[in-house]
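Participant: One structure is given below, represented as structure tokens, and several questions about it will come after.
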Amino acid sequence: MAGVAEESNIVSLLNGGYLSAAAEQLVSYFTNSKSTTVHIAVLGKSGSGKSAFINALRGVHDNDTGAAPTGQKETTTEPKMYKYPDKDTVTISELPGLGSSQHLDFNCYDFFIILSSGHFKKKHFLLAIEIQQKNKKFYFVRAKVDRDLNWAKRWKKCCYNENQTLEKLRNDCVVSLRKGVIESPQVFLISSWNLNKFDFGKMLEVLEGDLPDLKRRAFLLALPNFTVSIIEKKKAVIMDEIWKVGGLSAASAVVPIPGLSIACDITLLVCTVSSYRTHFGLDEDSLARLAKRVGKTAEQLRSVVSSTLGQQVSNDIIRQELTKTSGMKVLLSKVLTYLPFVGQVAAAVVSYNTINSMLNTAVEEMAEDAKRVLAKSLLVE
């Protein structure tokens, strides 16, 4: 998701035949994309459900290695940082308690989530005001909403209405926060044990929507596939970058770039498609984590993955998919690379079209695989 001006410049360079300059900008874009980080801070008093919330956001089971420990009394005075599985670009830090923020480095974090399992109180207000003064984004999350609903159901019995109860909870939070001089508080009601209900999906959409382009990309691609909407947004982000992969391959076919050449096209594509497979949660580790979280087996989830590249990625499979996409064009491009410069340009065009077509098909199919896996994970059997 490069800026419009940046993309326009790359296109102009490619169209004008300035392939070396275009390649340099494309390499720079992919380098920046891979190095862009997002750091999230979660604050709340001990017992508010911070650890369970952090594990839920990361798509890990509470018993997984590296999960934030739940059910323990908070004793640390230092932030605890957790990375997303298989992703080094997004971290969530659990900040201790709601004490003084005197030693809190606000610049370390992109946004703050202030979490409570009950009414928001003065300490929440004061912390939010301080974050606001630092020009940082913050969001209020009311956790353990399923517990609140169970209590309401027990006491109201015949007159219990879930929607009305939720609306009252949300309004009570907003009213109390406004009294604390928070003008337009964003409050999300969630249960870390039931992510398919309440405001969890809405919260994720707001969080990623408030981030700048490259950070939004990093956050979105790190997220587990909680909803069909997330899968569709991942698909849109990846589709937007496919022409850049083809452009980099085409440029490097004509103008040698350090570390890149036409000989490494297959390796480049294997790495690219493997990353897509991980983003869509189709790799073995992602399926295993999801299976554990939803109480199914990885084999059950894998059974609905039907695309070739959704199931496995290797040099041979990529070659087969390229051949299937282009037919004789692949053979033609190999012949053209032995001709003078004009022949190489023709080969680059063939390579660009073939790679674009193959990657578009792969992403379309893997996105559908991801939706089927999500549906399977939610199915009660």
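The values are calculated or read from the model by the stated rules, or taken from the named source; none is laboratory data. As the structure is a computational prediction, the values presented were derived from the model and not from experiment. Don't worry about glycine lacking a Cβ; one is built from the backbone with ideal geometry, like all the others, and counts go over all protein chains shown. To get the accessible areas, we keep the full protein, side chains included, count just its heavy atoms, and leave off ligands, DNA and RNA. Shrake-Rupley method; radii C 1.70, N 1.55, O 1.52, S 1.80 Å.
Participant: Specify the residue that is nearest to the chain's Cα centre (by Cα); the eligible residues are those in the range 269-314 that are over 30 Å from residue 247 (Cβ atoms) and among the β-branched types (Val, Ile, Thr).
Facilitator: Once the filter is applied, the top-ranked residue is 294.
Participant: When residues of the range 50-66 are filtered for being open to solvent by less than 20 Å² (accessible area, probe 1.4 Å) and outside any helix (DSSP H, G or I), how many remain?
Facilitator: The number of residues fulfilling the criteria is 2.
Participant: Another question about this same structure. Would you please list the contacts, defined by Cβ atoms under 8 Å and residues six or more apart or on different chains, that run from a residue in the range 88-112 that is open to solvent by less than 30 Å² (accessible area, probe 1.4 Å) and of a type in the set (Phe, Trp, Tyr) to a residue that is in a loop (DSSP other than H, G, I, E, B) and at pLDDT 75 or above?
Facilitator: Here the result reads 106/134; 106/136; 109/136; 111/136; 111/210; 111/211; 112/136, each pair linking the range 88-112 to a residue that is in a loop (DSSP other than H, G, I, E, B) and at pLDDT 75 or above.
Participant: Related question: Checking the conditions here, which among 139, 109 is modelled with pLDDT of 90 or more and closer than 30 Å to residue 274 by Cα?
Facilitator: None of the other options fit; the residue is 109.
Participant: Continuing with this model, one more query. Out of contact with any helix residue (DSSP H, G or I) (no Cβ under 7 Å at 6 or more places or on another chain), among the aromatic types (Phe, Trp, Tyr), open to solvent by less than 30 Å² (accessible area, probe 1.4 Å) and in a helix (DSSP H, G or I) - does that describe any residue in the range 188-201?
Facilitator: The answer is yes; a qualifying residue exists.
Participant: Moving to a separate point now. Being open to solvent by less than 50 Å² (accessible area, probe 1.4 Å), of a type in the set (Ser, Thr, Tyr) and either in a strand (DSSP E or B) or without any contact (Cβ under 8 Å) to a residue 60 or more places away in the chain (or both), is that true of even one residue in the range 134-153?
Facilitator: Yes, the range 134-153 contains a residue that is open to solvent by less than 50 Å² (accessible area, probe 1.4 Å), of a type in the set (Ser, Thr, Tyr) and either in a strand (DSSP E or B) or without any contact (Cβ under 8 Å) to a residue 60 or more places away in the chain (or both).
Participant: Being in contact with a helix residue (DSSP H, G or I) (Cβ under 7 Å, 6 or more places away or on another chain) and modelled with pLDDT of 90 or more narrows it down to one residue among 114, 182; which is it?
Facilitator: 114
Participant: Now a separate question. Based on this model, can you work out whether residue 272 counts as modelled with pLDDT of 85 or more and of a type in the set (Val, Ile, Thr)?
Facilitator: Judged against the criteria, residue 272 is a match.
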